[in-house]
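Values in this text are rule-based calculations from the coordinates and carry no lab data. Since this is a predicted model, take the numbers as computed values, not measurements. So basically every Cβ, Gly included, is an ideal-geometry build from the backbone, and we count neighbours across all protein chains shown.
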Amino acid sequence: MALQTGLEILQAAQAGKYGVGAFNTDNLETTLAIIEAAEETRSPILLAITAGALKYSSKRIVDIAMAEAKNATVPVAVHLDHGESFEICMWCIRNGFTSIMIDKSHEDEATNIRETRRVVDAASAVGVSVEAEIGRLVELGAEVIISEENATLTTADEAERFMAAAGADTLAIAVGTAHGPNKGRGRPEINHERIAEIAARVSQPLVMHGASSIPQDVVARVIEAGGVLKDAVGIHDDDITQAIANGMCKVNVGTDLRIASTAGVRELLRDKPEIIDLRKILEPARNEMRRVIIKKMNLLQSSGKA
Ligand SMILES: [Zn+2]
């Protein structure tokens with residue numbers, strides 16, 4: 001029961017009108033924090049692994065994620081986040097992933113449809129669900145990858161057209177969120193009308209990337225302990241709740257875990273400079289991540305749904 005496809009988990013969320021978190025993991029401590037939080041709150045989850053995480057530790061991070069997912073007492077999908085090619089998607093399928101994302105949102109629509117269709121045809125033959133994306137999220141941070149001017153919100157027309165042609169199981173849309181710790185100035189504006197409009201035209205579960213809250217109390221602790229986080233702003237809790245009410249099913253969270261773990265490690269090293277045991281140094285990282293994940297699960301209302 002524990003290892004499920006992304007679609008199985010998200011269809012249940014769609015029917016139950018709650019959100020499910022997809023939490024990015026890069027290492028053992030993060031994976032354990034995510035699984036522990038899911039079991040504590042009885043939440044279904046997606047354990048999300050990026051190409052960057054695979055580059056960092058290759059198949060080892062997958063082996064840990066697969067073992068944890070199989071042993072978990074809640075539904076878990078092992079998910080490829082932002083798969084950039086057919087090849088990496090196939091590699092993940094061969095290594096047990098139950099959910100993959102093919103992201104050709106930076107290409108023109110015809111290329112996006114063609115490349116997504118190719119992955120969908122292969123993945124559906126072996127029962128693995130596929131997330132695709134159309135639209136373009138803002139990406140600010142230390143260096144601007146996609147400026148606010150070059151970001152484009154997904155339209156209902158293109159979402160409907162894309163899903164009919166590409167056949168993906170779930171769809172990531174751009175509605176005002178952003179990747180990384182800098183999601184805009186002030187409170188980032190989420191286009192809730194657009195979410196509702198797309199949900200009315202696309203029957204598949206919708207996905208929200210770049211949805212970290214960037215809790216300001218945790219940001220303050222990082223800065224207090226010597227870190228640098230300039231203009232860190234996240235998505236307001238009310239916007240997450242509203243987005244789920246309008247049909248958003250999968251909510252991606254990565255940066256919140258980075259900020260929480262950094263706060264824990266920075267404070268420990270500042271307060272206990274004599275510690276040289278890496279387990280003791282990483283313990284607060286794991287605890288801080290578990291704390292923010294549980295908070296997020298309660299916000300998404302996935303708690304108690306497993
Ligand atoms: Zn993303």
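Only sites in a loop by DSSP and with at most 12 other Cβ atoms within 10 Å count here; which trypsin sites (Lys or Arg not before Pro) in segment 231-297 make the cut?
Nothing satisfies the criteria.
For segment 273-306 and segment 58-80, what is the separation of their C-alpha centers, rounded to whole Å?
Centre-to-centre distance over Cα atoms comes out at 17 Å.
Most exposed first by the Cβ proxy, i.e. fewest other Cβ within 10 Å, how do L257, L46, L54, L278 rank?
The fewest-first ordering by Cβ neighbours comes to L278, L54, L257, L46.
Among all stretches of the chain without exposed GluC sites (Glu not before Pro) (DSSP loop, at most 15 other Cβ atoms within 10 Å), which one is longest?
Segment 1-106 is the longest.
Rounded if a/c is under 1.5, else prolate if a/b is larger than b/c, else oblate: which is segment 145-206, with a ≥ b ≥ c the root eigenvalues of its Cα gyration tensor?
prolate
Using a 10 Å cut-off around each Cβ, can you sort S105, S43 from fewest to most neighbouring Cβ atoms?
By the 10 Å Cβ count, ascending, the order reads S105, S43.
Once phi is turned into θ = phi - 60°, what whole-Hz ³J(HN,Hα) does the Karplus curve with 6.51, -1.76 and 1.60 give for every residue of segment 165-174, x standing for Gly and Pro?
Each residue's phi maps through the Karplus curve to give 8, 8, x, 5, 7, 9, 10, 8, 10, 9 Hz.
Sum -39500 (n - 2.57) across every DSSP H segment of at least 4 residues in the chain, then divide by the residue count to get the 222 nm mean residue ellipticity, nearest 500.
Only helices count here, giving -15500 deg cm²/dmol.
Between the helical axis of 278-300 and the dominant principal axis of the chain, each derived from Cα atoms, what acute angle in degrees is found, rounded to the nearest 10?
In the chain, helix 278-300 runs at an angle near 40 degrees to the longest axis.
Please state the relative contact order of segment 6-300 as a whole percent: Cα pairs under 8 Å, 6+ residues apart?
The normalised contact order for segment 6-300 reaches 20 percent.
Provide K305, K272 in ascending order of the number of other Cβ atoms located within 10 Å of each residue's Cβ, fewest first.
Fewest to most other Cβ atoms nearby, the residues stand as K272, K305.
Let a ≥ b ≥ c be the square roots of the eigenvalues of the Cα gyration tensor of segment 175-280; is it rounded (a/c under 1.5), or, if not, prolate (a/b larger than b/c) or oblate?
Because a/c hits 1.5 or more and a/b exceeds b/c, segment 175-280 counts as prolate.
Exactly which trypsin sites (Lys or Arg not before Pro) in segment 158-202 are in a DSSP loop and have at most 16 other Cβ atoms within 10 Å?
R185
For each pair in K183/K250; K55/K280; K272/K295; K183/K272; K230/K272, compute the distance between the two Cα atoms and list the pairs where it is over 29 Å.
Beyond 29 Å: K183/K272.
Can you list which of the trypsin sites (Lys or Arg not before Pro) found in segment 42-120 are DSSP loop residues with at most 14 other C-beta atoms within 10 Å?
R42
Could you work out how far helix 255-271 tilts from the main Cα principal axis of the chain, as a 0 to 90 degree angle to the nearest 10?
10
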